[in-house]
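Before any comments, here is the structure.
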Amino acid sequence: MKVAVIGCGVMGAAFARQWAKKGDELYLCDHSQEKGGALASELKGRFFSSAKEAVQGVDLILFSVKPKDLEKTAAEIGKLDEHILMSILSGTTCEKLRKTFEGGHVVRSMPNLALTEGESVIALVRDEALPDTVVSKVDKLLEGMGLIFWTEERNIDAVAALAGSGPAFILAMIEALVESGVVMGLSATQSKDLALQTILGAVALLKARPDSHPGEIRWQICSPGGTTIAGMRAFEEAGVRAGIMDTILATYWRAKEPH
């Protein structure tokens, strides 16, 4: 398919690289000709200094400029025909996008940085204005990039807090696991390898038992009077569980504040 990427920052470039792997035809536009041109050269795409030229005849437009540049870039693009416009602009609602762009089909999206590895959570807003044919085309274009999660717009801030910001919090937890290993005498490399495989193993256990609560599996690991349950007691006394919940909720409420 033909895809235009308007704004070649971190996330715009990540989407472009994923589409290039799938063999989609890329039309790139960025205010920095040096950055956009280099990406186009890397991915064998075409670079345009004009957003209006870049979107001609494409199946989907990825809109990834800074929110402050929304109106200016929209005016440059002009009226959309049957284009699909997928926006990753934070805090920019479907209603605002539809008012800003004339024509086309608007899809609000929230990916996370794991997109660079094809393991993203990509939250997408499905509203009444979006035809099934558009949903199917977007699903096909995003196939292989991770979990594609259609939701109502009222849930988008919750998804962003949990899945968008979540990798930062998980990386901080991994850092704590690694440093615990170093305190106990393991090398940093050994600790990192052990921490990563332990997390992968825990995820595999939960995925293999989709109907199980995480606590059920945890109880299988906690032998009566054993080492793991002693650690769980310290975990609860330190308020780790509540701290994790507070972290996600702080992110969520921050997103709800007026910008």
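The values are calculated or read from the model by the stated rules, or taken from the named source; none is laboratory data. Just so it is clear, the model here is predicted, and its values are computed rather than measured. Every residue, glycine as well, gets a Cβ built from its backbone with ideal geometry; the counts of neighbours run over all protein chains shown.
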- [ ] Taking the options SER90, SER64, name whichever one is at pLDDT below 95 and closer than 20 Å to ALA114 by Cβ.
- [x] SER90
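Go through LEU206, LEU200 for me and flag whichever is under 29 Å from ALA161 (Cβ atoms) and in contact with a Pro (Cβ under 7 Å, 6 or more places away or on another chain).
On the way: LEU200 fails: in contact with a Pro (Cβ under 7 Å, 6 or more places away or on another chain).
From the options LEU206, LEU200, the qualifying one is LEU206.
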Task: Filter result for the condition that a residue is over 24 Å from MET245 (Cα atoms), of a type outside the set (Phe, Trp, Tyr) and not in a helix (DSSP H, G or I), over ASP127, ASP139 - done: ASP127
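For LEU124, are the conditions met, namely being touching a strand residue (DSSP E or B) at 6+ places or on another chain (Cβ under 6 Å) and surrounded by fewer than 17 Cβ atoms within 10 Å (Cβ to Cβ)? Don't jump to the end; show me each part of the working.
Numbers: touching a strand residue (DSSP E or B) at 6+ places or on another chain (Cβ under 6 Å): yes; surrounded by fewer than 17 Cβ atoms within 10 Å (Cβ to Cβ): no.
So LEU124 fails the test.
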Task: Candidates ARG126, ARG108, filtered to the one that is under 24 Å from LYS68 (Cα atoms) and in the same structural domain as LYS79 (by TED's automatic domain parsing) - done: ARG108
Open item on the list: Need the failing condition index for ALA114 against (1) more than 20 Å from LEU70 (Cα to Cα); (2) surrounded by fewer than 18 Cβ atoms within 10 Å (Cβ to Cβ), just the number.
Closed with: (2)
